[in-house]
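Novice: This is the structure, below, for whatever I ask next.
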Number of protein chains: 2
Amino acid sequence: MRDFEFKNPTKIIFGKNKIAALAKEVPANARVLILYGGGSIKKNGVYDQVVAALKDHHVEEFGGIEPNPEYETLMKAVRLIREKSINFLLAVGGGSVIDGTKFISAAATHSGDNAWDILEKSIRTEEGKGMPFGAVLTLPATGSEMNSGAVINRSEIKEKRTMGGPGLFPVFSILDPQVIHTLPLRQIQNGITDAFTHVLEQYLTYPAHAYLQDRFAEGILLTLIEVGPRVLKDPTDYEAASNFMWCCTMALNGLIQKGVPTDWATHMIAHELTALYGIDHARTLAIIAPSLYKYKFENKKDKLAQYAERVWGITSGSLEEKAEGAIDQTVSFFHQLEIKTRLSEYTDHYQGTAKIIAKRFEERGWQGLGERRDIKPDDVYQIVEMSY
Amino acid sequence: MRDFEFKNPTKIIFGKNKIAALAKEVPANARVLILYGGGSIKKNGVYDQVVAALKDHHVEEFGGIEPNPEYETLMKAVRLIREKSINFLLAVGGGSVIDGTKFISAAATHSGDNAWDILEKSIRTEEGKGMPFGAVLTLPATGSEMNSGAVINRSEIKEKRTMGGPGLFPVFSILDPQVIHTLPLRQIQNGITDAFTHVLEQYLTYPAHAYLQDRFAEGILLTLIEVGPRVLKDPTDYEAASNFMWCCTMALNGLIQKGVPTDWATHMIAHELTALYGIDHARTLAIIAPSLYKYKFENKKDKLAQYAERVWGITSGSLEEKAEGAIDQTVSFFHQLEIKTRLSEYTDHYQGTAKIIAKRFEERGWQGLGERRDIKPDDVYQIVEMSY
């Protein structure tokens, strides 16, 4: 096991009808900015519950945060914060709204002139530095409700950047699994795929004698395989929905990545597909991941075989056969969720994508991706081409 | 899954030679009281590392906290804190020292006249209220390094009481698995047994559709079964030791108990054996647990069968046969750790114990133990008698 530090101070409030808890979780004298996305919360009853809970608070609101939160939009919220002397943020939405709120939290307290530096120069927000914020999660997927990271988009330059720091954990997050039955099927499919791939990024590397972390990762995968199809069949199945929701949080709250090597190359490459074609984040992961596992098969085959045995119950065959079987099962699982796994199924203009993405990686001077930092632009080219 | 709240703000610093991190983790201007037990830290090098790391801090020390921390001893530390204007505590030891430090943290900031009230009246220490403290863990077992609970002894009245509250999480805990090879074998045996039983208390109840929590609990059990015998055979096996240490923490940091029913009757009954005969805490758990599972077999057989299948690989037989097999395997595992599982193996004066303990429970007016609160004094009598 590798050395690690772990601290996650977010308070999780999980269960039915918990949005009312906002009344006491948001500081009484706070000037609150409610942040949300396209307005679905005004149709599914969440907005009304939030407003009712905060009836004794000073509240402003800011809607319109995009599915891939846009720098320009978020900067409008930062200006509103200054104008209205806001001192507490409340994200009401999915990973994009919470990610966007993290950027706003950092930018509103950033001492430099140019908030873009936070993304461009990867400036971390230290403990106690970001503007405090809570979250009401309406879409289980990214784990943003219990971590301190975010991904922000800047369309004008077709860039998608990661950011974070220990000052950007939500103070609290409210998780009511009942919200799941109000979601479009497409978003539930995305959420399951996203959480599943988050686990794989932290698990499908090489054996690192972190036996407990492996068991936890496998536990999340096994649970998603059990409940994912159940939630899609019947989103009102509370037992399935609540486990799905808790899996998404645990998949990326830092716990399973402690003491182990992590990959994240699938995410780095897949982000480019969203930037280029606007494909849903989760679906870009399902496009890239299987090709990446095949391409880096020698690096990953030991863990792939363990994954085959413990998660998919593949107990016969050579190590390589098991490992291949695990990749096949992963693709089948995505298909079972009705997630397509080929770029050509999403865009007719896929030819040349490998070259464009490899070139972008080369231009940025990135030193190598993956758990061994050995995926260079040429390898990215191969992986993307294998994903057509 | 049941509704739950989860917040655990303790920072874990895990790995080789991490004690040096104290220099920056303890606030620079703190007046520190180092708390420890019988002095083993002065022989194994831990004390020297702590003192070296804190060479620029104002430091006082207080040793002699007992294996079952004594109220009277701890109150001496509280007086020392007032005398020396201490404002930061550093527990250097195992669960007893950390538990003792939690009581001291609460007592030093208790506004009432009588600190015994904290235990007698179960006064919780709210967030921000206890005196801040960190820990250097020298003995993996209880999980006290990442939770906010404690068990305190008062020998003069033969009472062992639990206490806690959200204000009693360590600010940080330093976990260096290298300490394990300095421990007596007996303490390693105890640690494995203690952590294993902690998981069972939160897992062997009845199915509650908390699939992920079940997987995590099973993951800890599987890992302890894998690494426990390895650590006993060779405590310098860092891979085994580090996983053992992390299992102990995860077994009782709150995570696996969220959303599920919990039992804790084994602990409540076993505490009496320590109070009466001074038997090591972990060993009292191994005495009581198997009898309790047999006595409450109807309540627990569904989870026992799941435990049999997923942890012990028992896949054939009826549900009852699997469940019985799981109890047998648990006893065998304790025996493999060289932990005796019968009260008569620890004391010749075991006759009458059941009556004494049942009477104590009756006198306290306890309403019923276990996940269904259906274990009354008469049942306690039966369970203890089955454990002779």
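Just so it is clear, none of the values below were taken in a lab; they were calculated from the coordinates. Note that the structure is predicted; figures quoted are calculated from it, not measured. Neighbour counts run over all protein chains shown; Cβ positions are idealised from the backbone, glycine included.
Novice: Hull surface divided by four, with the convex hull built on the Cα atoms of region B:185-386: how many nm²?
Specialist: Hull-based average projected area comes out at 10.9 nm².
Novice: Within 10 Å of each Cβ of B:7-16, how many other protein chain Cβ atoms are there on average?
Specialist: Partner Cβ neighbours, averaged per residue: 6.
Novice: Could you check how many percent of all C-alpha pairs in chain A are farther apart than 36 Å?
Specialist: Roughly 21 percent, once rounded to a whole number.
Novice: Suppose you put the label 7 Å out from Cα in the Cβ direction; list, shortest first and in nm with one decimal, how far residue B:382 is from each other copy's label.
Specialist: With the label placed 7 Å along Cα→Cβ, residue B:382 yields 6.7 nm.
Novice: Once the Cα atoms of helix B:185-203 and of chain B are each reduced to a long axis, what angle between those two axes, in degrees from 0 to 90 to the nearest 10, is obtained?
Specialist: 60 degrees
Novice: To continue, here is another question. Count, for each residue of B:235-243, the Cβ atoms from other chains sitting within 10 Å of its Cβ, then give me the mean as a whole number.
Specialist: What the average comes to for B:235-243 is 3.
Novice: What does the highest-first list of B:265-277, A:41-53 look like by mean Cβ count within 10 Å?
Specialist: B:265-277, A:41-53
Novice: So the label point sits 7 Å from Cα along the Cα-to-Cβ vector; using that for residue B:239, what distances do you get to the other copies, in nanometres, sorted shortest first?
Specialist: The answer, with the shortest distance listed first, is 3.8 nm.
Novice: Can you give the FRET efficiency to the nearest 0.05 for residue A:16 and residue B:51, using r as the Cβ-Cβ distance and R₀ = 45 Å?
Specialist: E(calc), rounded to 0.05, equals 0.30.
Novice: What are the label-to-label distances in nm, one decimal and shortest first, from residue A:72 to the same spot in the other copies, with labels 7 Å along Cα to Cβ?
Specialist: So the label point of residue A:72 gives 7.6 nm to the other copies.
Novice: A further question follows. As an exercise, use a Förster radius of 56 Å and the Cβ-Cβ distance of residue A:185 and residue A:373 to find the FRET efficiency, rounded to the nearest 0.05.
Specialist: Computed FRET efficiency for residue A:185 and residue A:373 comes out at 0.90.
Novice: Which of the lysines could a cross-linker bridge to residue A:76, judged by Cα under 23 Å and excluding same-chain residues fewer than eight apart?
Specialist: Excluding near neighbours in sequence, the set is A:42, A:84, A:102, A:121, A:129, A:158, A:160.
Novice: Just to confirm my numbers, what's the Cα centroid distance between region A:264-306 and region B:90-148 in Å?
Specialist: 46 Å
Novice: So, one more: I'd like the mean, over residues of A:253-264, of how many other protein chain beta carbons sit within 10 Å of each residue's own Cβ.
Specialist: 1
Novice: Rounded if a/c is under 1.5, else prolate if a/b beats b/c, else oblate: with a ≥ b ≥ c from the C-alpha gyration tensor eigenvalues square-rooted, which is region B:1-160?
Specialist: The shape class here is rounded.
Novice: Taking N as the number of residues in the protein assembly as shown, what value does Rg over Cα atoms divided by 2.2 N^0.38 Å take?
Specialist: Compactness ratio reported: 0.97.
Novice: Distance between Cα centroids, region B:192-239 to region B:318-353: provide it in whole Å.
Specialist: Cα centres, region B:192-239 to region B:318-353: 17 Å.
Novice: Something else: Go ahead and estimate [θ] at 222 nm for the protein assembly as shown from helices alone: -39,500 (n - 2.57) per DSSP H run with n ≥ 4, summed, over the residue count, rounded to 500.
Specialist: -15000 deg cm²/dmol
Novice: To continue, here is another question. Run the simple label-point estimate for residue B:328 and residue B:344 please: 7 Å along Cα→C-beta, distance reported in nm.
Specialist: 2.2 nm
Novice: Over chain B, what is the mean sequence separation of C-alpha contacts under 8 Å (at least six apart), divided by residue count, expressed as relative contact order in percent?
Specialist: 15 percent
Novice: Follow-up. Rounded to the nearest 0.05, what FRET efficiency is calculated for residue B:230 and residue A:2 with R0 set to 22 Å and r the Cβ-Cβ distance?
Specialist: So, using R0 = 22 Å, E works out to roughly 0.70.
Novice: List the residue from chain A whose beta-carbon is nearest to the axis that rotates chain A onto chain B, together with that distance in whole Å.
Specialist: Output: A:9, 2.
Novice: Roughly speaking, what % of Cα-Cα pairs in region B:165-205 are separated by over 15 Å, rounded to a whole number?
Specialist: Everything past 15 Å amounts to 64 percent.
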